[in-house]
Amino acid sequence: MAHMASSEAQSGGLTATEHRLANGLRVVLSEDHLTPVAAICLWYDVGSRHEVAGRTGLAHLFEHLMFQGSAQVPGNGHFELVQGAGGSLNGTTSFERTNYFETMPAHQVELALWLEADRMGSLLTALDLESLDNQRDVVKNERRQRYDNVPYGTAFERLTAMAFPEGHPYHHTPIGSMADLDAASLEDARQFFRTYYAPNNAVLAVVGDIDPEQTLRWIEKYFGSIPAHDGKPTPRDGSLPELVGEELREVIHEDVPSRALMAAYRLPHDGTREADAADLALTVLGGGESSRLHNRLVRHDRTAVGAGFGLLRLAGAPSLGWLDVKASSGAEVADIEAAVDEELARFAEQGPTPEEMERAQAQLEREWLDRLATVGGRADELCRYAVLFGDPQLALTAVQRVLEVTPEEVRAVAAARLRPDNRAVLIYEPTGREGAPEGPEGPTVGPVEEDGEEAR
């Protein structure tokens, strides 16, 4: 095992060391003895952006297949062994990666490592048509439950397709289409595994109450013999012009609880200072009940019951600023849209106040601290920065970069990007009797990782 430049970046006492196996598996360890638990997180550098036309949804489908048994762990054994040992587990798929994770009692770390290595090295031994058909039906039902049969359920899919043009690798969402899911063959699944589920296309993070030297020995023991694979194709280019160049608009007539205005703005790539500035701008404008849009639309105008503006960070394509406003009963979307544009224009001219800037930075700092406070959250962040930006140490210093952004940078990115000619707009008009939205703000619609929590 090669020990890569293991410079220990520190943030609030947190450290991380990096290592690499001979087969290319990158390993990140972060020792923390506060509680007797540890998190094991494995990120594969494959998501829906790696899929080809006619086979959308394959990355997400394969995430399900990874829980269907491997050479030494048949059927539902992965779940049974982890939960029987007192642990928890799951997996998620996004545009840019697929991850698998367990949180275990500290003395059960070896079990989780063995399980992850067994399916990385031997899943094809157990993969058959019965498993594929079973999980194909599960994913199709998930699509019905989360997209097709819920109010506003297809909004994210529609806006993504509008914001990223036909043929762009981010044009489709991870859930995929029903037709493509039906078309996926057993050989498609096998080839997908051979191409992307290799140690040199993965990052493994282990965080928590661990002995780093013993953990490395286990990792070498279980993962070291898995062969690398060099057949991964280069991902398609996801770059686009900074501006859409026109406003794209679609009106949907559906049986939804209330009128709604949603929009996606093209914003800077994740990992840049401009993306951090955009995150701060959207936090001031729509990040909670103290934000400008909530104060204007919900409290002052009373034309909306909820107004949010958040950032979907993307590294391989422009990020998206996601606007979601649910109208009050009787309110007109045109009035809401005019008020939104007025607030955006004012912000582009004046920028954030000192109080707004301080509050937004504190909010993003708290979210960062919350992610790193748990062993699972920290493991996920270390994997994220390793896979997307090549350096897991950046996870431990991310908040410092947000705190260094100036109010003028926040104003400038808003002026340059939060414009009518740089957005895709989706308007919902109810077809049935317009009733009160569900809860105080109606159903929340936004970027969601398949099988996981709402995306950052």
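The values are calculated or read from the model by the stated rules, or taken from the named source; none is laboratory data. Bear in mind that the values here come from a model prediction, so they are computed numbers and not experimental data. Note: ideal-geometry Cβ built from the backbone for every residue, glycine included; neighbour counts use all protein chains shown. Keep in mind that these areas ignore ligands, DNA and RNA; they rest on the heavy atoms of the full protein, side chains included. Shrake-Rupley method; radii C 1.70, N 1.55, O 1.52, S 1.80 Å.
Things worth noting here:
Residues checked against (1) in contact (Cβ under 8 Å) with a residue 24 or more places away in the chain; (2) assigned to a helix (DSSP H, G or I); (3) within 21 Å of Gly316 (Cα to Cα):
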site	(1), (2), (3)
Glu356	yes, yes, no
Gln363	yes, yes, no
Trp368	yes, yes, no
Gly376	yes, yes, no
Glu381	no, yes, yes
Arg384	yes, yes, yes
Ala395	yes, yes, yes
Val399	yes, yes, no
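- Residue match in segment 115-128 (condition: closer than 19 Å to Gln191 by Cα, over 21 Å from the mean Cα position of the chain (by Cα), in contact (Cβ under 8 Å) with a residue 12 or more places away in the chain and in a loop (DSSP other than H, G, I, E, B)): yes
- Residues that are of a type in the set (D, E, K, R) and touching a Lys or Arg at 6+ places or on another chain (Cβ under 9 Å) were ranked within segment 300-340; the one that is farthest from Thr283 (Cα to Cα) is Glu332.
- Apart from one condition, Gly306 fits all of (1) buried (at least 23 other Cβ atoms within 10 Å of the Cβ); (2) at pLDDT below 95; the exception is (2).
- Verdict on Ala345 being more than 17 Å from Val413 (Cα to Cα), free of Cβ contacts under 8 Å to residues at least 24 places away in the same chain and open to solvent by 20 Å² or more (accessible area, probe 1.4 Å): no
- Restricting segment 405-443 to residues that are touching an Asp or Glu at 6+ places or on another chain (Cβ under 7 Å) and in a loop (DSSP other than H, G, I, E, B), the residue that is modelled with the lowest pLDDT is Gly432.
- Residue in segment 7-38 that is modelled with the lowest pLDDT, counting only those that are open to solvent by less than 60 Å² (accessible area, probe 1.4 Å) and not in a strand (DSSP E or B): Ala9
- Residues in segment 39-52 that are touching a residue at least 12 places away in the same chain (Cβ under 8 Å) and among the aliphatic types (A, V, I, L, M) were compared, and the one that is surrounded by the most Cβ atoms within 10 Å (Cβ to Cβ) is Ile40.
- When residues of segment 175-219 are limited to those that are β-branched (Val, Ile, Thr) and in a helix (DSSP H, G or I), the one surrounded by the fewest Cβ atoms within 10 Å (Cβ to Cβ): Thr195
- For Phe95: the one exception among (1) surrounded by fewer than 22 Cβ atoms within 10 Å (Cβ to Cβ); (2) at pLDDT 95 or above: (1)
- Counted residues, segment 220-249 - those being open to solvent by 60 Å² or more (accessible area, probe 1.4 Å), touching a helix residue (DSSP H, G or I) at 6+ places or on another chain (Cβ under 9 Å) and at pLDDT 95 or above: 7
- Scan of segment 64-92 for residues that are exposed (fewer than 14 other Cβ atoms within 10 Å of the Cβ), outside any strand (DSSP E or B) and touching a residue at least 24 places away in the same chain (Cβ under 8 Å), ordered by number: Ala71
- Positions within segment 176-188 being small (Gly, Ala, Ser) and over 23 Å from the mean Cα position of the chain (by Cα), in sequence order: Ala179, Ala183, Ala184, Ser185
- Test: Val256 is open to solvent by less than 30 Å² (accessible area, probe 1.4 Å), β-branched (Val, Ile, Thr) and within 30 Å of Pro352 (Cα to Cα): no
- Pair list, Cβ < 6 Å and 6+ apart or interchain, from segment 154-171 residues that are more than 13 Å from Gly321 (Cα to Cα) to residues that are of a type in the set (Lys, Arg): Pro169/Arg49; Pro169/Arg236; Tyr170/Arg49
- Being closer than 30 Å to Leu396 by Cβ, among the charged types (D, E, K, R), open to solvent by 40 Å² or more (accessible area, probe 1.4 Å) and assigned to a helix (DSSP H, G or I) is not true of Glu157.
- Strands (runs of 3 or more DSSP E) fully within segment 245-321 counting 2 or more residues that are touching a Leu at 6+ places or on another chain (Cβ under 8 Å) and either under 24 Å from Leu403 (Cα atoms) or of a type in the set (Phe, Trp, Tyr) (or both): 260-267, 304-312
- Across segment 140-154, the qualifying residues are those that are farther than 20 Å from Glu250 by Cα and in contact with a helix residue (DSSP H, G or I) (Cβ under 8 Å, 6 or more places away or on another chain), and the one among them that is surrounded by the most Cβ atoms within 10 Å (Cβ to Cβ) is Arg143.
- If you go through segment 375-397 and keep only what is farther than 24 Å from Ser88 by Cβ and either among the basic types (Lys, Arg) or open to solvent by less than 10 Å² (accessible area, probe 1.4 Å) (or both), you end up with just Leu396.
- Members of segment 341-354 found to be part of a loop (DSSP other than H, G, I, E, B) and under 25 Å from Leu261 (Cα atoms), listed by number: Gly351, Pro352
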